[in-house]
Amino acid sequence: MNVSSRPTSLVLCHQTGSGARRYYGLWAGHFVRGELPAMEEIAQLVLDEVETRPASLEALVAIRLNGATRYFAGDLTEARAFLERALAIFDPQRHRDQTLRFAQDIGVSIII
């Protein structure tokens with residue numbers, strides 16, 4: 001799917017270069033509505049975006065989103081692989097301030 005045929009919210013995120021953290025809200029909306037194809041698309045977009053920053057907060061979020069998406073899809077083996085990668089990046093001290101931003105402890109969401 002090219003950018004111009006995507007929903008307006010995805011186009012705006014892409015055009016503004018707003019980063020993985022802004023895509024998180026879009027992904028979460030699709031998650032609560034059970035819209036797997038949209039979750040998969042956003043999770044992949046975010047993962048592609050952080051490819052050059054594998055230890056960044058954005059990478060942690062992107063990898064966790066992919067793990068949660070694969071879990072939601074029933075692909076438990078792939079979900080576990082993503083979540084183990086996220087756990088390897090997660091640092092409780094460095095990422096503790098992110099709890100307020102994401103309304104959940106990222107570390108807890110990885111291991112559940």
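The values are calculated or read from the model by the stated rules, or taken from the named source; none is laboratory data. What you are looking at is a predicted structure, and each value in this text was computed from that prediction instead of being measured. Here Cβ is always computed from backbone atoms with ideal geometry, including for glycine, and neighbour counts include all displayed protein chains.
Going by the structure shown, is residue 11 over 10 Å from the mean Cα position of the chain (by Cα), under 21 Å from residue 91 (Cα atoms) and either of a type in the set (A, V, I, L, M) or at pLDDT 85 or above (or both)? Steps first, answer last, please.
Numbers: over 10 Å from the mean Cα position of the chain (by Cα): yes; under 21 Å from residue 91 (Cα atoms): no; either of a type in the set (A, V, I, L, M) or at pLDDT 85 or above (or both): yes.
Against the criterion (over 10 Å from the mean Cα position of the chain (by Cα), under 21 Å from residue 91 (Cα atoms) and either of a type in the set (A, V, I, L, M) or at pLDDT 85 or above (or both)), residue 11 does not qualify.
Identify, please: which residue in the stretch 46-94 is outside any helix (DSSP H, G or I) and surrounded by 18 or more Cβ atoms within 10 Å (Cβ to Cβ) and is, among those, modelled with the lowest pLDDT?
In the first step, residues of the stretch 46-94 are kept if they are outside any helix (DSSP H, G or I); the result is 50-56, 73-75, 90-94.
Okay, now just the ones that are also surrounded by 18 or more Cβ atoms within 10 Å (Cβ to Cβ), so 50, 90.
Values: 50: 87, 90: 80.
Filtering the stretch 46-94 for residues that are outside any helix (DSSP H, G or I) and surrounded by 18 or more Cβ atoms within 10 Å (Cβ to Cβ), the one modelled with the lowest pLDDT comes out as 90.
Within the stretch 49-80, how many residues turn out to be over 14 Å from residue 22 (Cα atoms) and touching a Gly at 6+ places or on another chain (Cβ under 9 Å)?
Qualifying residue count, the stretch 49-80: 4.
Exactly one of (1) closer than 20 Å to residue 32 by Cα; (2) in contact with a helix residue (DSSP H, G or I) (Cβ under 6 Å, 6 or more places away or on another chain) is unmet by residue 76. Its number?
Condition (2) is where residue 76 drops out.
Being of a type outside the set (Val, Ile, Thr) and touching an Asp or Glu at 6+ places or on another chain (Cβ under 9 Å) narrows it down to one residue among 59, 88; which is it?
Details: 88 fails: touching an Asp or Glu at 6+ places or on another chain (Cβ under 9 Å).
Residue meeting the stated conditions: 59.
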